[in-house]
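The structure under discussion appears below in the form of structure tokens.
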Amino acid sequence: MHLFGLAGRALVLLVLGAGLAVGLYGLHLDKVVRAKFEGKRWALPARVYARPLEIYTGRSLSVAELEGELDRLGFRDDPQLARPGCYHIENEVAAIRTRPFRFWDGFEPERYLRVDLSGGVVKDVVDGGDATPLSLVRLDPALIASIYPTHNEDRILLSREQLPPRLVKTLLAVEDRKYYQHHGVDLKGILRAAYENARAGRTVQGASTLTQQLVKNFYLTQERTLKRKLNEAYMAVLLDWRYDKDEILTAYANEVYLGQDGDRAIHGFGLASRFYFDRDLDELDIPQTAMLVGVLKGPSELNPRRNPERVLQRRNLVINLMAHHRIISVADADQARQAPLGLVDGGARPSGEYPAFIDLVRRQLRRDYREEDLRSEGLRIFTTLDPLIQAHVALAVQERLPQLDSSRRLPLGTLETAAVVTSVAHGEVLAVVGARDSGYPGFNRALDAVRPIGSLIKPVIYLKALSQPGRYSLVTPIPDRSVNLRVGGKLWRPKNYDHRVHGNVPLYRALVKSYNLATVNLGLQLGVDQVAELLQQLGAVREIDRVPAMLLGSVSLPPVEVAQVYQTIAAGGFRAPLRAIREVLDASGRPLNRYPLAVESVVAAEAAYLVQWAMRRVVTQGTATWLNGRLPSGLTVAGKTGTTNDMRDSWFAGFSADKVVVVWVGRDDNKPMRLSGSTGALRLWGDIMAGIDSQPLQDMLPEGVVASGVCGRAVPYIDGYGGSTCSRGPGPAAAAGGSSRKSSAPAAPVVAQKRPHSEQPRERPAPKPRDERPQRQPSPFLSEFYGN
């Protein structure tokens, strides 16, 4: 008896000890459960958006362009406009039901719109309900990239209210019919599964509840051990005890693994709906809902793109269950089983079609934000990308590059290219192409191809001269004569492209005709160091080898730095650092370190205008006359061709009143291609500029510049420095605007603005134009994000 009593007490102590251990372990697990479930559950990727399409009366916008934009946004053609994100177009009149969206500067509500696009221009924008005229409407911006957290998972978070009832009912019918009855673990289900598996001699039925599946995905590893299974059950009970069923269900719907896109894991029904069907979750029909639920059983084996037949069988089984549980009718089930899988390629892809632009965004973000915030804080990044312009540049590259290959009998695909489009007024980067295959995320030539710029340097030299109006004007005679210099023990003897010497020529004509000898003589008069310093003030950030050959473009720059230089010239001498980011919001909608527009005056506006005047004549009389037959009538532009030794690089850089475009064409192996700036890059530049909405340069003279007859022609000069002498060489060609005149217009090109442009930020409730008066602030050092 005594022994029995001792054994009994020992057993009681053992049970109590075991219970205490289990209880303490439960406290530990409860702490683990609460720490993650109540804290930050997911490291969210930053979402990167393009600029929103702004619709206003007078804007150039074709039906095809609008349809392309709506397609990028995932809008559906629906004459009934049954839900937000629908449109219908008849006879150049678009009916649109927009989606609500919160921008950095306010909330854009859902609207019914009627837009008249007659003749490729917005004639009228009215409210589709009461016909109230609308001055300006923004569509929601296109999502163009996601910057991932460390583990490369992606998801679109949904609330319980955003989970469609049909999806929830189907999920519970297939995965956990007793979800709202059990307490995290279904004991009857475990016994039933054990019995069925024993009868079959293999695993034919599982017993994990949704809560257990969430615990496994959320907290535990995928190892198959008894310890892991016991932890899973224990934590499921604790989770069910601590939290509401709907909260657990919502977490499951956002966490569940549903597929793989390269090295990116697809988590949650919200992203899976976009990835497989390019639709929002609440837009899915019966067969699409059934497929998503069916894939849950094994996303690797049930990969719809690799194993469509197996997925089709599994989907139809789920449809049968939906009918059995009366989620849908038998007739609906019969119809749904006949539907194809309906997969859409490219849905929810992280970098979309814009890898070169996203590369620039990443570099600017690294300059301004902490790495850990960018990768895990769910930022919303609003960029300057204009999808309409980007699409047109990509199309122009796709069509022109094969023609250039064949024109020089090169194998198809030999030539490569890069293009950058920016706004004149604010330096916003509107489009970037880094390769002939603009969607390929490889070497980004727009940012990293550092190539000699050739004659693109020449406007800088002439700008330096015209900044000294006491010495130089547009008609100052410049000697175009032989140069013989000993540099580093070697004799340097540059030649003109036509191998001729032209004697004294007016300064502007030397630039228009791109005379090498006149340019070198002028540059030597000014001083090589002075020209190099101006080039860097205009926007070049690399070290420049200050030798005489620099005067003919031996300096090497990537296209994006060339764009910065020419943007400064186009803006009348005001350098606005190129920017790809307009605003960044944190997960709570608060702005982070608003990216400012810092503008600095680096050259006299009057001198910049005179160089623009000469560069316009490069197009009408000089090396870029091919554009006269390519551009629309009335689109006045300015620019400069560039060609390097042995025709290894072909450049054209130019601008209208509101756009700067820089194009490079060449070979990655740096071999000659027999294309000059005029026969190569100029052709692609013309294709781009001909297809984008752009304003012409105006003839009105800015403050401080007047024009008077010189040798029978009207040539502008800086007021107070008249009396220019006509050279003995060829006289100046006719200039636009015959008589002397003076106005109070700004020195920057005059833009015929019709309505607020997308690059102009708007304040609520009515859009207001940005104050464009330059602020004399230091320009940020850009080499950090342009790379080497």
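Which order do you get for Tyr243, Tyr721 if you rank them by accessible area with a 1.4 Å probe, largest at the top?
On the way: Tyr243 30, Tyr721 110 Å².
My answer, sorted largest first, is Tyr721, Tyr243.
I'd like the distance separating the alpha-carbon centroids of segment 80-136 and segment 426-496, in whole Å.
46 Å
Would you pull out the residues with amide H under 5 Å of Gly378's amide H, same chain only if 5 or more places away, H placed 1.01 Å from N?
Hits under the 5 Å cutoff: Leu44, Ala46.
Over segment 258-339, calculate the relative contact order: mean separation of alpha carbon pairs under 8 Å at least 6 apart, over the residue count, as a percent.
It comes to 24 percent, rounded to a whole number.
With every protein chain present, what accessible area does His325 have (1.4 Å probe, heavy atoms only), rounded to the nearest 10 Å²?
His325 has an accessible surface of roughly 70 Å² with all protein chains in place.
Any idea what the dipole of segment 451-559 comes to, in debye rounded to 20, about its Cα centre with Lys/Arg Cβ at +1 and Asp/Glu Cβ at -1? List each step's numbers first, then the result.
Details: 14 positive and 6 negative charges, 64 e Å.
Computed about the Cα centre, the dipole is about 300 debye.
Under the Karplus relation 6.51 cos²θ - 1.76 cosθ + 1.60, θ = phi - 60°, what is the ordered set of whole-Hz ³J(HN,Hα) values for segment 296-301, x standing for Gly and Pro?
3, 4, x, x, 6, 6
List, in order, the whole-Hz ³J(HN,Hα) value for each residue of segment 656-661 obtained from phi through the Karplus relation with A = 6.51, B = -1.76, C = 1.60 and θ = phi - 60°; use x for Gly and Pro.
Each residue's phi maps through the Karplus curve to give 9, 6, 10, 10, 10, 10 Hz.
Over segment 651-723, what is the relative contact order in whole percent, taking alpha-carbon pairs under 8 Å and six or more residues apart? Don't skip to the end; give the middle numbers.
Numbers: 70 pairs, mean separation 20.0, N = 73.
Result for segment 651-723 is 27 percent.
With unit charges on the beta carbons (Lys and Arg positive, Asp and Glu negative) and the dipole taken about the Cα centre of segment 36-132, which residue among Ile55, Gly74, Ile89 sits farthest to the positive side?
The Cα lying farthest towards the positive end belongs to Gly74.
May I ask you to evaluate 6.51 cos²θ - 1.76 cosθ + 1.60, the Karplus curve with θ = phi - 60°, for each residue of segment 464-480 and list the ³J(HN,Hα) values in order in whole Hz, giving x for glycine and proline?
Running phi through 6.51 cos²θ - 1.76 cosθ + 1.60 with θ = phi - 60° gives 4, 5, 6, 6, 10, x, x, 10, 10, 9, 5, 10, 4, x, 10, x, 9 Hz.
The values are calculated or read from the model by the stated rules, or taken from the named source; none is laboratory data. The structure presented is a predicted model; accordingly, all values stated were derived computationally and were not measured. Positions of Cβ are backbone-derived with ideal geometry, glycine not excepted, and every protein chain shown enters the neighbour counts. Just so you know, the surface numbers come from the protein's heavy atoms only, side chains and all, with ligands and any DNA or RNA stripped out. Shrake-Rupley method; radii C 1.70, N 1.55, O 1.52, S 1.80 Å.
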